[in-house]
1. What's the number of the only condition in (1) within 25 Å of A:Ile125 (Cβ to Cβ); (2) without any contact (Cβ under 8 Å) to a residue 12 or more places away in the chain that B:Lys107 fails to meet?
2. Applying the selection to region B:142-161, what residues are surrounded by 21 or more Cβ atoms within 10 Å (Cβ to Cβ) and either within 21 Å of B:Leu22 (Cα to Cα) or away from chain A (no Cβ under 14 Å) (or both)?
3. Mind checking which pairs have a first residue in region B:78-98 that is facing chain A (nearest Cβ under 8 Å) and a second that is surrounded by fewer than 19 Cβ atoms within 10 Å (Cβ to Cβ) and among the aromatic types (Phe, Trp, Tyr), Cβ under 7 Å, 6 or more apart or different chains?
4. Here's a check for you: in region B:32-73, which residue that is exposed (fewer than 14 other Cβ atoms within 10 Å of the Cβ) and within 14 Å of chain A (Cβ to nearest Cβ) is farthest from B:Phe198 (Cα to Cα)?
5. Looking for whichever is small (Gly, Ala, Ser), at positive phi, surrounded by fewer than 19 Cβ atoms within 10 Å (Cβ to Cβ) and out of contact with any helix residue (DSSP H, G or I) (no Cβ under 9 Å at 6 or more places or on another chain) here; the options are B:Gly186, B:Gly125. Which one fits?
6. Of everything in region B:80-119, what is surrounded by 24 or more Cβ atoms within 10 Å (Cβ to Cβ) and at positive phi? Give them in sequence order.
7. Could you list all residues from region A:1-42 that are free of Cβ contacts under 8 Å to residues at least 40 places away in the same chain and aliphatic (A, V, I, L, M)?
Amino acid sequence: MDQFFNISVIADNFTYFMIGRFPNGPLGGLGLTLYLASVSCVLSFFGGLILGLLSISRFRAVRYPAVAFINLVRGMPLLMVIFWMYFLLPALFGKVAESQTVIMALTLFTSAYMSRIVVAGIEGIPKGQTEAAISTGLKPWQAMLYIVLPQGLRNMIPSFVNQFVSLIKDTSLAFIVGVSELTHVGTQINNRTMAYPTEIFVFIALIYFIVCYAFTSLSRWLEQRLAWRKAI
Amino acid sequence: MITFQGVHKWFKSLHVLNDINLHVTSGEVLVVCGPSGSGKSTLIRTINQLEPIDKGTLTVDGMDLLDKKTDINKLRAEVGFVFQQFNLYPHLSVLNNIILAPTKIRKTAKRDAEEQAMALLERVGLAEKRNAYPSQLSGGQQQRVAIARALAMKPRIMLFDEPTSALDPEMIGEVLAVMKDLAVSGMTMVVVTHEMGFAREVAHRVAFMDAGTVLEEATPDEFFSRPKHERAQQFLRQLLTPMHCECP
């Protein structure tokens, strides 16, 4: 039994897997993974929304830089962005916690992708909606705010959740700059115990799967709840 | 009220409006008809700048549309527009469809706006549908709500772009009745339509368009009994006597 699949290495380190040394030390493990993912998710939702709107603005002075930024980030590996932030932010602002640089990197990276989802969602709303709104005297930004976005955002939900699930998995790259999220905690325990890599990494894979699957199911449930009566 | 002087518009190389000269006085109902692709939709959409013009002068309610200082949003608030596809907001109830612009643009208090909206719904015969969503309404009902929505801004001019073309035949009458009621009340109206019965009965003038130009302008009586232009005669013949009639 011991040779085949040793559960005790998981059981012994279970709290460490889940929350690191918290509350006696900093948050780690799955707790930190979820923290990184949710903070980056909220930030990149707004980042993506703003970038998306800027990238379809009528004014070139805002559109061009936004599009350039989106293309630049999308053409770069996430690991590169994490390194950039890890070395750049402390150089600019002095001491910055590693987890903060990772949140920044994840936010920038995911915002660029979210912005494309936002643009697609906006462009999926028939042009007649905007025309109807501005023909009653609403200004273009009001038409966007009251008519296009409320409809577009609902259509974007599945893609947003998709992106969020990617984001959860992407937090594992924080391991490279020594942030003790789930994957990092796993390697630590593996290095300490030496003998149980299979057990440890199967367990970690399972946790990622459960968390991601839960969010995918949540999105399906949300879609059904929000499916409102479509016109025409 | 509305004056076109030598108006031109191009879509790429396509000359969609070619030297348009038209004048609509206050309280007048002008019906624009013509074969599809003749530019009548583009013409009516230039009046509230959904399509900008390329050349000429266009004055609407005293505002010069080519003047950079003209506030287009303000102009649009004074001009109601009814679309072929209704374009109601699917995520808002009938009442909220109507009160959105008055509360946001005119800063009308919500309670007052709702009261006015109810009066308008009464007028188009849909008071009991105030809490329904657009998709729960028939096409004719949706179009009547769209008319109420346009009227909620108390416009001085109403534009109709083929308002009955997307409707089932049995619903056309209810929409035309609302429009007729509006015309009788003295509203300045420009109507693009194929409903020749409506044109004959309600219009003060009919403009016939073909290939981007206004070929003929006449009173309905003149236009329907003695169309001058050969193209107009041909158009009316086709419209009034369908060529393929297979009776059972």
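Please treat every number below as a calculation from the coordinates, not as lab data. What you see is a predicted model; the values in this text were computed from it and never measured. Cβ atoms come from the backbone with ideal geometry, glycine included; neighbour counts cover every protein chain shown.
1. (1)
2. B:Arg144, B:Pro155, B:Ile157, B:Met158, B:Leu159, B:Phe160, B:Asp161
3. Once the first residue is facing chain A (nearest Cβ under 8 Å) and sits in region B:78-98, its partners that are surrounded by fewer than 19 Cβ atoms within 10 Å (Cβ to Cβ) and among the aromatic types (Phe, Trp, Tyr) give B:His91/A:Trp228.
4. Among those residues, the one meeting the criterion is B:Asp71.
5. Details: B:Gly125 fails: out of contact with any helix residue (DSSP H, G or I) (no Cβ under 9 Å at 6 or more places or on another chain).
The conditions single out B:Gly186.
6. Answer for region B:80-119, where residues must be surrounded by 24 or more Cβ atoms within 10 Å (Cβ to Cβ) and at positive phi: B:Phe86, B:Asn87.
7. A:Met1, A:Ala11, A:Met18, A:Ile19, A:Leu27, A:Val42 - these are the residues of region A:1-42 that are free of Cβ contacts under 8 Å to residues at least 40 places away in the same chain and aliphatic (A, V, I, L, M).
Each row is one residue, and each column tells you yes or no for (1) over 15 Å from the mean Cα position of the chain (by Cα); (2) more than 14 Å from chain B (Cβ to nearest Cβ); (3) acidic (Asp, Glu).
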{"site": "A:Leu173", "(1), (2), (3)": "no, yes, no"}
{"site": "A:Thr183", "(1), (2), (3)": "yes, yes, no"}
{"site": "A:Thr187", "(1), (2), (3)": "yes, yes, no"}
{"site": "A:Thr193", "(1), (2), (3)": "yes, yes, no"}
{"site": "A:Tyr196", "(1), (2), (3)": "yes, yes, no"}
{"site": "A:Phe203", "(1), (2), (3)": "yes, yes, no"}
{"site": "A:Cys212", "(1), (2), (3)": "no, yes, no"}
{"site": "A:Glu223", "(1), (2), (3)": "yes, yes, yes"}
